[in-house]
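One structure is given here, and the rest of the page talks about it.
The values are calculated or read from the model by the stated rules, or taken from the named source; none is laboratory data. Just so it is clear, the structure is predicted and the values come from calculations on it, not from any experiment. Methodologically, a virtual Cβ is constructed for each residue, glycine included, from the backbone with ideal geometry; neighbour enumeration extends over all protein chains shown. Ligands, DNA and RNA are stripped out before the accessible areas are found, and what is left, the full protein with its side chains, is counted by its heavy atoms. Shrake-Rupley method; radii C 1.70, N 1.55, O 1.52, S 1.80 Å.
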Amino acid sequence: MSSVVVRLQENVPGKYYVTSACNGCGICFSYALQNFMYSNDSSYYYVYQQPADPREEEDIRRAIEVCPMNCIRDDGEIL
Ligand code: SF4
């Protein structure tokens, strides 16, 4: 098994994304329902929608803080 961490293909384009280090715990989804979605087998989550407003951005920032795998990333690009 590869230990290389990559940006999951399912992430929508934009500055926030989930990497292959995700363990599928779902905590991000509970913090930002509008922005995360689970894979078909629920083994990982990905960014389904970039934040549409400051409140959603705040939700994602919180999800980043609590993600146990530190796998939600912000590449800093403009949306
Ligand atoms: S909180 Fe992190 S590890 Fe858990 S499902 Fe979300 S992205 Fe994956």
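Using the heavy atoms of the protein chains and a 1.4 angstrom probe, tell me the accessible area per residue for the chain in square angstrom. If you can, show how the numbers build up before the last one.
On the way: 5010 Å² over 79 residues.
Ligands and nucleic acids excluded, the figure is 63 Å² per residue.
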*Tell me the GluC sites (Glu not before Pro) within the chain that lie in a loop according to DSSP and have at most 14 other beta-carbon atoms within 10 Å.*
E77
*How much accessible surface does Y46 have with a 1.4 Å probe, in Å² rounded to 10?*
40 Å²
*Once phi is turned into θ = phi - 60°, what whole-Hz ³J(HN,Hα) does the Karplus curve with 6.51, -1.76 and 1.60 give for every residue of the stretch 26-42, x standing for Gly and Pro?*
x, 4, 4, 5, 6, 8, 9, 4, 6, 10, 10, 9, 9, 6, 4, 9, 6
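Using a ≥ b ≥ c from the Cα gyration tensor of the stretch 1-41 (square roots of the eigenvalues), is it rounded, prolate or oblate, where a/c under 1.5 gives rounded and otherwise the larger of a/b and b/c decides, a/b for prolate?
Oblate, since a/c reaches 1.5 and b/c is not below a/b.
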*If you line up the long axis of helix 54-66 against the longest principal axis of the chain, both from Cα atoms, how many degrees apart are they, to the nearest 10?*
30 degrees
*Once phi is turned into θ = phi - 60°, what whole-Hz ³J(HN,Hα) does the Karplus curve with 6.51, -1.76 and 1.60 give for every residue of the stretch 17-25, x standing for Gly and Pro?*
7, 10, 9, 5, 7, 4, 9, x, 5
*Leaving out ligands, DNA and RNA, what percent of the accessible area of the chain is carbon and sulfur, probe 1.4 Å?*
50 percent
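Work out, step by step, the length gained on full extension between D53 and D75: first 0.36 nm times the residue separation, then minus their alpha carbon distance; give nm to one decimal. Don't jump to the answer; show the numbers that get you there.
Numbers: separation 22, 0.36 × 22 = 7.92 nm, distance 1.80 nm.
Working it through step by step, the gained length comes to 6.1 nm.
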*Beyond 21 Å, what share of the Cα-Cα pairs of the chain remains, rounded to the nearest whole percent?*
16 percent
*Taking only Cα atoms and a 10 Å spring cutoff, compute GNM fluctuations for the chain and point out the largest among P13, P54, P68.*
P54
*Determine the calculated [θ] at 222 nm for the chain from helices alone, applying -39500 (n - 2.57) to every DSSP H run no shorter than 4 residues and normalising by the residue count; nearest 500 deg cm²/dmol.*
-6500 deg cm²/dmol
